[in-house]
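> Quick one: the structure is below, and I'll ask about it shortly.
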Amino acid sequence: MASTPEPEDGRELYALLHLSPDASDEEIRRAYRQYAQIYHPDKYLDPQMKEVATENFQRISDAYEILSDENKRQIYDIYGMEGLNSGLELGPKLTKPEEIKEQLERLRRRKEEEKLFAHARPNGSIIANFSVPQYLDGYGIMKGMGMSSEVELPVSKQNTVVVGGNLVVNGSEGTGAASTVLRHQLSSVSSIEFMATAGLRSVIGMQTSRQISPHSTATSGLAVSLRDGSINLSNAWTRQLSENAVGNIQLVLGDESSVSVGWQKKDEKSTATGEIKFGTNFFGATAHYVHRFSSKSHARVAGRVGSTALDFEIGGGRRISEFSTVRMMYNIGIQGVSWRFELHRAGQKLIIPVLLSTDLNALFVTSAFAIPSTLYFLLQTYVVKPYYLKREKQKTLEKMEGLSTQLTEARKAAKKAQKLLEPVSNRKKNRQLENNGLVITKGLYGNRKKIKESGEFNEIDDDVASQVFDVTIPLNFLVTEAGQLKLHEGIKKSGIMGFYDPCPGDPKLLLVEYTFHGRKYKVMVDDYEALLIPQDIHQF
């Protein structure tokens, strides 16, 4: 049979009371009364049975409370339990689903804005420059230091204020600046920014950005220096060249006029970028390539060439926690040989460049690259990799053990629920036997492949038993006085009282074998597929 697509969340309560999503108020009340008679705790004297009854009675009571309330039911149908548990209050009683949905969306947006206001997004960096040659010459090893920080403060869904500053110290000299940016989202495709910087270079300016087509964006800016009144104009165009590639062109007119052309390509495993830039008194080209070996490690190669720079860089990094990454880079260029260590933590960066030598001696250049690379390889091979493999294996085992425990508990709960259903289920079964009516002789729910195997060979081995569950009792309970059984379309069967999901994430089937008027029948249906029995086409 064709598989029915899984519906949106919001059907578990209907399954629990064995109702159609279109059930009337009277059908909801009748279903609740039926289950309440079985699961009411006052019916049981045995402490264990009373505990099971209490737990399941609370489940059906909660389901009835929601489905019997018109407003709550409409919210549940649209948003599921998330909508009911979100803390949103609807205010005046609304009668139409469209009105409820509109009100919920409005209140959800308000909650999102409140959450937005409560969070600022800071980021910053610290750069500490070290120089070994300077230290060997009798001076301090610290060559210079720089700090920058920026805090992004959303003030509404359309407006954001960015406040930042930086401080740079080289030897006995230092400079600093503070800046403020107000960003306003004009529409879904355009924005405008107002910027002011105070410090060594005091500047005010503005910038506008607009998406001019589905694949193109244009940006224009104006900046005015408060020291000498000079004006800089900038224009940039960005275009999506392909699914993974972006190209851009930038033109700057002013004291330092320039034109640059850039390109970037990014996919799951790698990122490559390049740029060529020409100015009135300089030119340069840069390129870098990053290859991701896994979600935790990557390698990087970069190069710069031009009138003011000539260097080559190679290195890599590794993610050491959910939010932290460490990197080490080796750089050789006209300034000498250096290492650079980086620690990235969320939006914060610590960068430590270490100048090793200004002499480009071949032996030293080779050693400066080979020694840390070898140490890293040995550390990675004999320490880090075994440690992570062991930790990942442990995590996998813990996850499997946790899932196994959850499934065991769910199976126990379903069996306990069946135990309370069993007396009524047996009475219904005996009544149907007396009338030569509908009797479920076998009901199995679980893994699609295992169900088919058990149906073909009419046996259940240990491997099959762990991924299927016997639901004969609850199915006989659901048989009506008229000798019919109906399971509703679009409702996951694991939510039915006395069922559970023995194989989360796997496609599931329900196998039903039954007798009717002395004949044998058999049918299999998908998890969300409707079922109505008896039917002649099921006969075998």
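> Name the pairs whose Cβ atoms lie under 8 Å apart, with the first residue in the stretch 385-413 and under 27 Å from residue 494 (Cβ atoms), the second part of a helix (DSSP H, G or I), and 6 or more positions between them or separate chains?
413/55
> Let me ask something additional. Just one of 491, 496 is closer than 21 Å to residue 57 by Cβ and either without any contact (Cβ under 8 Å) to a residue 40 or more places away in the chain or of a type outside the set (Phe, Trp, Tyr) (or both); which is it?
Unique residue meeting the criteria: 496.
> Just one of the numbered conditions (1) open to solvent by 60 Å² or more (accessible area, probe 1.4 Å); (2) touching a helix residue (DSSP H, G or I) at 6+ places or on another chain (Cβ under 6 Å) is not true of residue 425; which one?
Going through the list (1) open to solvent by 60 Å² or more (accessible area, probe 1.4 Å); (2) touching a helix residue (DSSP H, G or I) at 6+ places or on another chain (Cβ under 6 Å), residue 425 breaks only (1).
> For the stretch 365-422, enumerate the residues that are exposed (fewer than 11 other Cβ atoms within 10 Å of the Cβ) and within 30 Å of residue 478 (Cα to Cα).
Scanning the stretch 365-422 gives 405, 408.
> Checking residue 191 against (1) assigned to a strand (DSSP E or B); (2) within 22 Å of residue 256 (Cβ to Cβ), which single condition isn't satisfied?
(2)
> Shifting gears a bit: If you go through the stretch 199-210 one residue at a time, how many are open to solvent by less than 100 Å² (accessible area, probe 1.4 Å) and either hydrophobic (A, V, I, L, M, F, W, C) or more than 16 Å from residue 250 (Cα to Cα) (or both)?
6
> Looking at the stretch 496-526, which of the residues that are modelled with pLDDT of 90 or more and of a type in the set (D, E, K, R) is nearest to residue 451 (Cα to Cα)?
For the stretch 496-526, the residue satisfying everything is 508.
> Now, a different point. Could you identify the single residue in 513, 529 that is open to solvent by 10 Å² or more (accessible area, probe 1.4 Å) and assigned to a strand (DSSP E or B)?
513
> Now for a different question. Looking only at the stretch 267-280, decide whether some residue is under 27 Å from residue 352 (Cβ atoms), open to solvent by less than 30 Å² (accessible area, probe 1.4 Å), more than 31 Å from the chain's Cα centre (by Cα) and among the hydrophobic types (A, V, I, L, M, F, W, C).
no
> Shifting gears a bit: Check residue 482 against each of (1) open to solvent by 20 Å² or more (accessible area, probe 1.4 Å); (2) in a loop (DSSP other than H, G, I, E, B); (3) touching a Phe, Trp or Tyr at 6+ places or on another chain (Cβ under 9 Å) and name the one condition it does not meet.
(3)
> Determine whether residue 426 is at pLDDT 90 or above, in contact with a His (Cβ under 7 Å, 6 or more places away or on another chain) and farther than 30 Å from residue 331 by Cβ.
Considered against the rule, which asks whether it is at pLDDT 90 or above, in contact with a His (Cβ under 7 Å, 6 or more places away or on another chain) and farther than 30 Å from residue 331 by Cβ, residue 426 comes out as no.
> Tell me, yes or no, whether the stretch 403-423 has at least one residue that is in a helix (DSSP H, G or I), under 30 Å from residue 332 (Cβ atoms) and of a type outside the set (Val, Ile, Thr).
Looking for residues that are in a helix (DSSP H, G or I), under 30 Å from residue 332 (Cβ atoms) and of a type outside the set (Val, Ile, Thr), one finds none in the stretch 403-423, hence no.
> Take residues that are over 29 Å from residue 137 (Cα atoms) and among the hydroxyl-bearing types (Ser, Thr, Tyr) and tell me which of the strands (runs of 3 or more DSSP E) falling wholly in the stretch 253-371 contain 1 or more.
Output list reads 258-266, 270-279, 283-292, 297-306, 324-333.
> Here is a follow-up. Can you name the number of the only condition in (1) of a type in the set (Ser, Thr, Tyr); (2) open to solvent by 70 Å² or more (accessible area, probe 1.4 Å); (3) in contact with an Asp or Glu (Cβ under 8 Å, 6 or more places away or on another chain) that residue 289 fails?
With (1) of a type in the set (Ser, Thr, Tyr); (2) open to solvent by 70 Å² or more (accessible area, probe 1.4 Å); (3) in contact with an Asp or Glu (Cβ under 8 Å, 6 or more places away or on another chain) applied to residue 289, the lone miss is (3).
> Against the condition open to solvent by 60 Å² or more (accessible area, probe 1.4 Å) and at pLDDT 90 or above, how does residue 470 come out, does it pass?
So residue 470 passes the test.
The values are calculated or read from the model by the stated rules, or taken from the named source; none is laboratory data. Please read all numbers here as calculations on a predicted model, not as lab measurements. Please note: Cβ atoms are built from the backbone with ideal geometry, for glycine as well, and neighbour counts cover all protein chains shown. Areas reflect the complete protein model, heavy atoms only, side chains present, ligands, DNA and RNA absent. Shrake-Rupley method; radii C 1.70, N 1.55, O 1.52, S 1.80 Å.
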